[in-house]
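> Got a structure here, written out as C-alpha cells. Questions coming.
The values are calculated or read from the model by the stated rules, or taken from the named source; none is laboratory data. The shown structure was predicted, so the numbers you read here are calculated from the model rather than taken from an experiment. Because the Cβ atoms are built from the backbone with ideal geometry, glycine has one as well, and the counts that use them run over all protein chains shown.
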Amino acid sequence: MQTSLLLMALYLSIPGGTQAFKPLISGGGSVTHRDITQRAVLRKTAEVCRALAAAQGRDFSLPIDDSLSIIKLQKACSADSSSSSLVSTILFQSAIVKMYLSNALVDMAFALSKAHHFDGETFQGGRALITAGVSEVKASVKRGSFLLARLALGRVCHTLQDFYSHSNWVEMGNRQPYSTLIRPDLQLVNLAGPSTPTCRSCMGGNCTDNILPEVLQLGLLTSGYFNLFSSNKPAGKCSHGGSFDRTSGRDPEGGINKDDVGSSHGHLHHTAADVAVNATMELLEDIRGAAGDKDFLRLMGITQSSVLCFVIDTTGSMSDDITEAKRVSFSIIDSKRGTQQEPSSYILVPFNDPGFGPLITTTNADIFKQRINALTASGGGDIPELCLSGLQLALTAAPPSSEIFVFTDAPAKDTALKSTVTALIESTKSVVTFMLTDNLRSSRRRRRRSMGGASAIWPSKGGASNRMAQSDAQLYHDLAQASGGQAIEVTKEDLHRATSVIEDASAAAQVTVLQEVRSPGKAENFSFTVDESMRNLNAYITGGSLSFTLTSPSGVSQSNSEASGPLGTIQTVGNLHRVSLTTHNNTGLWEISLNSLESYSLKVIGQSSVNFGYHFVEAFGGAHGDFGLKEGRPLTGDNITLLVSVTGGDSVTVTAVALVEALGSGSEVNGTLQSLGSGDFLVTVARVPQGRLWCV
C-alpha cells in the first residue's frame, strides 16, 4: 500500500540559510544509540505488557527479541488484540523518538564533558550523572510530567550506553551490565589508579590487544582519554581513539572505543551494544519498580488513549456553555470508561476576569467530573476575558499532541500572549479548537455578578452592540489555524450540535487526512486519498457564505444542499459544516470543490492505524557528529531537516514530503527522503518557501 502522508500543520515564517546533517544509522552494520534505546524500550515494554496480560488472564504470545516492532507490540499490549481492532502507534512511536533524540543531543550539548561519556576514567562523575538523572526521571513520572521524564531518560541512557563502548568492561569478559552504575548505594571498585598504566601502543594499526594484560587480569576498570585540542594525557593511559582524538597519537598510541565496527576496538562493537541494550533494560526496570506498571507504560507512550482537555470561560453569560461542556465530557467519560479508549488524563482550566485557573489535572475520571460539575458562571465585569492565559496554562500542562477545546463567548483581554501561545502550540504540536458562542446578538451583552444572595445584570461596554467583533474573533481563528484546529462559531442554543467534533476527536487512532485554509476565500478544488486502512471519515468545513460539492472515486457527487445523500450526511450549525462520509466501496481519490469569497478552512479526519509524526533535527559535527533534537522553529537557513516517523505497518511507503505555503499561494518545495529503517526517514528541504508554512 502506498499512502500520501500529511504532516501536522506548521505555520512558520522562515528566511533562508544552510544546514547539513549526517545519517541516523552508521554505515557498515554498526549499531547506534537510537538502535540500542529502541531495542531496550521495546523489550522492557513487552515484559511489562506480558505481566499485565498474565494478571488479567489474557494471552501474550509475542516473542521478546529483536523481531519486536512498535506496531506488533502496541497490538499485543492492547486488551483488544483481535485482527480487526484499530490500533494507533503514534504516541508510542513519538515517545521512543523523543528518547533517542534526547539521547543523541548529549553528543552535541556535552561533547567535551568527560563525565557524560565516561571518558578519561571519569567513573564517579559518570555514575553521578546517571543516578541523578534516574532520580529526575522518577520525580517527573510521579508529577505526571512524562515528556520531561522521556527527555531526561534519553540523556541518562546515552551516558549509560557510552560506558560499554568507552570502557574496558567487555574486554574483561563481562557480558552482563555493571549494575553499580545505577545503584548509588554501591561502591565503584577496582578502578585503575590515576598513575596506573593501562595501555600499550597498537601494532601496525591493530589495536585488538593494546590493553595491558595485567589490567585485564586484575579486572581494573579503565576508559580512554579524549581531547579535540591537545595530545596531553597521563602517562601510559589508553586513548579513546579515532581521527578527532588528538591524544591517540601520543604514546601509547591508538584507542579502545567500540563506537562502530570501524573503531579501534570495533571487533567488540556488537558485543558492547548487546550489553548496553541489557543495561538500558536494567535501568528501565529500576524506573518501572518506582513508577508501577501503569505509569511506566504511560512513560513509554504505549497507552493509546487521548487526553480530555477543556479551557472554559466562567463569566456570567457562560452558564449554557458550561452545561454543554459538562454534558459532552460526561458522555465521553461514561462511554469509554474501562475501555482502551478511556482518556489517559483529564485537564481543566477555568478562566474569568481578573483571574484564571486553577489548573486541574487528574487521571481519575470521577475527580474530573466533580471539578467540572462545580463550575458556575459568575462575574466578568467588562467583556474581554483572560482566555489566552487559560490556554497558555493548559498548553504547558497537557502532553504533546493533545486536543484542547476552548469555550468562550468573549474576546481575549490578554492578546499580548498571542506569540507565546503560538510558540507553545508549535513546540507541543497540540491542536486547539475554539467553541465560540455568541447568543448576544440582541441589544445588550449581559454579565451576572454575584452580590450576596442576589445577582446584578451588567450591560456591555458601549451598550448597544455586543456581538464579538470580527477582529476579536480573528485572533481565535489564527490560533486555531496555527495548531491545525478550528474556530467554530455557533449560538448558545446550537452549541450541543457542534460538540460532536469533541466526541469525534476522542475516537481511537484519529488521523488528519487533509487540512487546508484559504484567507481570503476563493473557489478551489481539493483532493484526498482514502485507502483500505481508513474508517469513519468526517470532513469539517468552517466559513460563511460557502458552497461545496463532494465527489467520490466512482464519480458520484453530493452538494452541501443535500443534508443526506449518496456520499454521507451533512450537519450545518453556525459556521461549521460536518460531513460524515460513506467510504464503503469508495476507496481512492475523493474531491471537494469549495467556493466562498470569505475565509474558510477544510479538515478531513478519520481513523487509521497508519499515521506519522515529525521532529525538527539539527546536525552537529565532531567525533560523534550526527543529529540532535531541535525544538521549536527551524534554524534560519535555506534548508531544514526533519525526522519523519511512520507508524502502522511495514507495507506503508512514503512517496513525498513537501513544504507548502499555508494559505494556498501554490508555493511548494519537495523534500529529499532518506530511509533510516524501522519507519524513520530523514527529510531535507533545500529551499524553504517564504511565508507561513506547513508540511505535507
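> Under the condition of being at pLDDT 95 or above, in contact with a Leu (Cβ under 9 Å, 6 or more places away or on another chain) and not small (Gly, Ala, Ser), which residue from region 130-149 is farthest from residue 645 (Cα to Cα)?
This residue is 131.
> So, one more: Hey, among 302, 322, 287, which residue is assigned to a helix (DSSP H, G or I) and either free of Cβ contacts under 8 Å to residues at least 12 places away in the same chain or within 22 Å of residue 365 (Cα to Cα) (or both)?
Checking each option against the conditions leaves just 322.
> Sort out which residues of region 368-407 are closer than 20 Å to residue 323 by Cβ, free of Cβ contacts under 8 Å to residues at least 60 places away in the same chain and in a helix (DSSP H, G or I), and write them in order of number.
369, 370, 371, 373
> Please find, among 138, 142, 75, the residue that is charged (D, E, K, R) and within 27 Å of residue 606 (Cα to Cα).
75
> Would you point out the residue of region 165-185, among those that are buried (at least 17 other Cβ atoms within 10 Å of the Cβ) and of a type in the set (Ser, Thr, Tyr), that is farthest from the chain's Cα centre (by Cα)?
In this case the residue turns out to be 167.
> Take residue 101 and tell me if it is modelled with pLDDT under 90, under 16 Å from residue 156 (Cα atoms) and in a helix (DSSP H, G or I).
The answer is yes for residue 101.
> Same structure, new question: Can you find, within region 506-522, the residue that is farthest from residue 405 (Cα to Cα) among those that are out of contact with any Pro (no Cβ under 8 Å at 6 or more places or on another chain) and in a loop (DSSP other than H, G, I, E, B)?
522
> Can you name every residue in region 526-551 that is part of a loop (DSSP other than H, G, I, E, B) and in contact with a Phe, Trp or Tyr (Cβ under 6 Å, 6 or more places away or on another chain)?
Of everything in region 526-551, just one residue is part of a loop (DSSP other than H, G, I, E, B) and in contact with a Phe, Trp or Tyr (Cβ under 6 Å, 6 or more places away or on another chain), namely 546.
> Now a separate question. Can residue 328 be described as under 27 Å from residue 41 (Cβ atoms), touching a helix residue (DSSP H, G or I) at 6+ places or on another chain (Cβ under 6 Å) and either surrounded by 19 or more Cβ atoms within 10 Å (Cβ to Cβ) or not charged (D, E, K, R) (or both)?
Here the answer is no, as residue 328 does not meet what is asked.
> Given the structure, is residue 609 small (Gly, Ala, Ser), surrounded by 19 or more Cβ atoms within 10 Å (Cβ to Cβ) and within 32 Å of the chain's Cα centre (by Cα)?
For residue 609, the condition - small (Gly, Ala, Ser), surrounded by 19 or more Cβ atoms within 10 Å (Cβ to Cβ) and within 32 Å of the chain's Cα centre (by Cα) - is met.
> Return the residues of region 353-368 that are over 16 Å from residue 330 (Cβ atoms), crowded, with 22+ Cβ neighbours inside 10 Å and modelled with pLDDT of 90 or more; say none if nothing qualifies.
Once the filter is applied, which keeps residues that are over 16 Å from residue 330 (Cβ atoms), crowded, with 22+ Cβ neighbours inside 10 Å and modelled with pLDDT of 90 or more, region 353-368 yields only 356.
> May I pose another question? Assess whether residue 202 counts as being of a type in the set (A, V, I, L, M, F, W, C) and either under 25 Å from residue 131 (Cα atoms) or buried (at least 23 other Cβ atoms within 10 Å of the Cβ) (or both).
So residue 202 does not fit the description; no.
> Then there is this: Test each condition in (1) under 23 Å from residue 281 (Cβ atoms); (2) surrounded by fewer than 23 Cβ atoms within 10 Å (Cβ to Cβ) for residue 229 and report the one that comes out false.
The single condition residue 229 does not satisfy is (1).
> Taking residue 597, is it touching a residue at least 60 places away in the same chain (Cβ under 8 Å) and assigned to a strand (DSSP E or B)?
Spelling it out, it is not the case that residue 597 is touching a residue at least 60 places away in the same chain (Cβ under 8 Å) and assigned to a strand (DSSP E or B).
> Is one or more of the residues making up region 65-73 under 21 Å from the mean Cα position of the chain (by Cα), among the basic types (Lys, Arg) and either over 30 Å from residue 259 (Cα atoms) or modelled with pLDDT under 90 (or both)?
yes
> Is it true that residue 348 is assigned by TED's automatic domain parsing to the domain that holds residue 387 and either in contact with a Phe, Trp or Tyr (Cβ under 6 Å, 6 or more places away or on another chain) or of a type in the set (A, V, I, L, M, F, W, C) (or both)?
Against the criterion (assigned by TED's automatic domain parsing to the domain that holds residue 387 and either in contact with a Phe, Trp or Tyr (Cβ under 6 Å, 6 or more places away or on another chain) or of a type in the set (A, V, I, L, M, F, W, C) (or both)), residue 348 qualifies.
> Just the residues that are within 16 Å of residue 179 (Cα to Cα) and either among the aromatic types (Phe, Trp, Tyr) or outside any helix (DSSP H, G or I) (or both), please, taken from region 122-144.
Once the filter is applied, which keeps residues that are within 16 Å of residue 179 (Cα to Cα) and either among the aromatic types (Phe, Trp, Tyr) or outside any helix (DSSP H, G or I) (or both), region 122-144 yields only 123.
> Sort out which residues of region 333-352 are buried (at least 21 other Cβ atoms within 10 Å of the Cβ) and either of a type outside the set (S, T, N, Q) or in a loop (DSSP other than H, G, I, E, B) (or both), and write them in order of number.
Within region 333-352, 343, 346, 347, 348, 349, 350, 351, 352 meet the criteria.
> Could you check region 620-645 and list, in sequence order, the residues that are assigned to a strand (DSSP E or B), touching a Ser or Thr at 6+ places or on another chain (Cβ under 9 Å) and either modelled with pLDDT of 75 or more or of a type in the set (Lys, Arg) (or both)?
640, 641, 642, 645 - these are the residues of region 620-645 that are assigned to a strand (DSSP E or B), touching a Ser or Thr at 6+ places or on another chain (Cβ under 9 Å) and either modelled with pLDDT of 75 or more or of a type in the set (Lys, Arg) (or both).
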